[in-house]
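Step one of this worksheet: look at the structure below.
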Ligand code: GRF
């Protein structure tokens, strides 16, 4: 099925760029219906414009609460015909207002191997904990911070002389491939998420391999 995507950005938008490239190359059966940024003047908006994709700045400063912000976001996404929401470098915590409007259809990319290093600056957290391996995670978004069901993960080595930017660049490269692969699996109907659990444990997600 062709995924009708809404992509949320806050910055450079390289993950958005990877999605747009995958669509243009025919690798990903999707259409980006709308790009929304909470900040003006960011690279993600430039990438949307260059690809001829509708883009919208929805500043969080113009809304009294997170819920009010999300209500405006849902209205914009729905008006654009969005059916799946991808948080690609989007630096805001979303609320059940958005999650209930797109149940089990909000996906995020995080630059660490969750549940390790949730929240901001995961790359710096990894360096501070002196880990030898880090990476990135694509997951369904729930009401917690980076706590939703995990779809896929990829690893990178952490080198002894790494600084934050070198590690972030190495992870970012893996993010692009991981996010596109996860969206391809969703488009091909190969992703199954177990029903909601009443014990609060993280739900299992199964991604079937591509048939040869
Ligand atoms: C990426 O590391 C992403 O995981 C994080 O923000 C960074 C920038 O992403 N949330 P992008 O270049 O804006 O897609």
Taking residue 205 as the residue in question, decide whether it is within 13 Å of the ligand (Cβ to nearest atom) and touching a strand residue (DSSP E or B) at 6+ places or on another chain (Cβ under 7 Å). no
Filter the range 9-26 down to the residues that are surrounded by 15 or more Cβ atoms within 10 Å (Cβ to Cβ) and more than 10 Å from the ligand (Cβ to nearest atom) and list them by number. 20, 21, 22, 23
What residue, among those in the range 105-140 that are surrounded by fewer than 17 Cβ atoms within 10 Å (Cβ to Cβ) and at positive phi, is nearest to the chain's Cα centre (by Cα)? 119
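Residue-by-condition table, conditions (1) outside the structural domain of residue 16 (by TED's automatic domain parsing); (2) more than 30 Å from residue 67 (Cβ to Cβ); (3) in contact (Cβ under 8 Å) with a residue 24 or more places away in the chain:
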residue: 117; (1), (2), (3): yes, no, no
residue: 129; (1), (2), (3): yes, yes, no
residue: 135; (1), (2), (3): yes, yes, yes
residue: 141; (1), (2), (3): yes, no, yes
residue: 155; (1), (2), (3): yes, yes, yes
residue: 186; (1), (2), (3): yes, no, yes
residue: 206; (1), (2), (3): yes, yes, no
Among the candidates 134, 147, single out the residue that is within 13 Å of the ligand (Cβ to nearest atom) and either in contact with a helix residue (DSSP H, G or I) (Cβ under 6 Å, 6 or more places away or on another chain) or farther than 20 Å from residue 22 by Cα (or both). 134
Only residues in the range 158-172 that are in contact (Cβ under 8 Å) with a residue 60 or more places away in the chain count as the first member; pair them with residues that are surrounded by 11 or more Cβ atoms within 10 Å (Cβ to Cβ), Cβ under 6 angstrom, at least 6 apart or cross-chain, and list the lot. 171/111; 171/136; 171/156
Which residues, counting only those in the range 157-169, are in contact with a strand residue (DSSP E or B) (Cβ under 8 Å, 6 or more places away or on another chain) and either within 11 Å of the ligand (Cβ to nearest atom) or not assigned by TED's automatic domain parsing to the domain that holds residue 123 (or both)? 167
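Return a yes/no flag: does the range 156-166 have any residue that is part of a helix (DSSP H, G or I), at pLDDT 95 or above and within 15 Å of the chain's Cα centre (by Cα).
no
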Please state which of the following conditions residue 36 fails to meet, knowing it meets all the rest: (1) surrounded by 22 or more Cβ atoms within 10 Å (Cβ to Cβ); (2) more than 14 Å from the ligand (Cβ to nearest atom); (3) within 24 Å of residue 146 (Cα to Cα). (2)
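The values are calculated or read from the model by the stated rules, or taken from the named source; none is laboratory data. On a predicted model such as this, the values are computed, not experimentally measured, just so you know. Note that we place each Cβ from the backbone using ideal geometry, even for glycine, and neighbour counts take in every protein chain shown.
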